[in-house]
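Have a look at the structure below before the remarks.
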């Protein structure tokens, strides 16, 4: 049986945490940038949508520091799910953001699995 090809990275877990951190920070920035249009064009549900975006942005920043724990990766995957569910209740724009970041996070988890299994 052949061993998996090494990734070539000096610190594969650190590299993967960096990728996850960047993804979560970009998600937090996108959610914070969504606050202004949410207030202006949010309709009847603007306040709950605003609070949802703010809470998820803070959660993304907090999870950035917790990515050393395996459960934090799955909590990061729960953020886009919460965004989609909240978007279905409050604003369709949040559904679009949730789908985009859900697909992005799925790719991050795929890269994590590939890099850590080859290291």
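So here's what we get for this one:
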item	result
Relative contact order [Cα under 8 Å, 6+ residues apart], the range 15-114, whole percent	29 percent
Alpha-carbon centroid distance for the pair the range 53-101 / the range 31-51, whole angstrom	16 Å
Contour minus Cα-Cα distance for residue 10 and residue 51 (0.36 nm per residue)	10.7 nm
Virtual spin-label span in nm between residue 35 and residue 78, 7 Å along Cα→Cβ	2.3 nm
Ordering of 105-115, 61-71 by burial proxy (mean other Cβ atoms within 10 Å per residue, highest first)	105-115, 61-71
Distribution of pairwise C-alpha distances over the chain, 10 Å bins, in %	14, 42, 25, 13, 5, 1, 0
Expected 222 nm ellipticity per residue - DSSP helices of 4 or more, -39500 (n - 2.57), all of the chain, to 500	-27500 deg cm²/dmol
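Where a number appears in this text, it was derived from the coordinates with a stated rule and is not lab data. Treat the numbers as computed from the prediction; the structure is a model and nothing was measured. Using ideal geometry, Cβ is built from the backbone for each residue, glycine included, and neighbour counts are taken over all protein chains shown.
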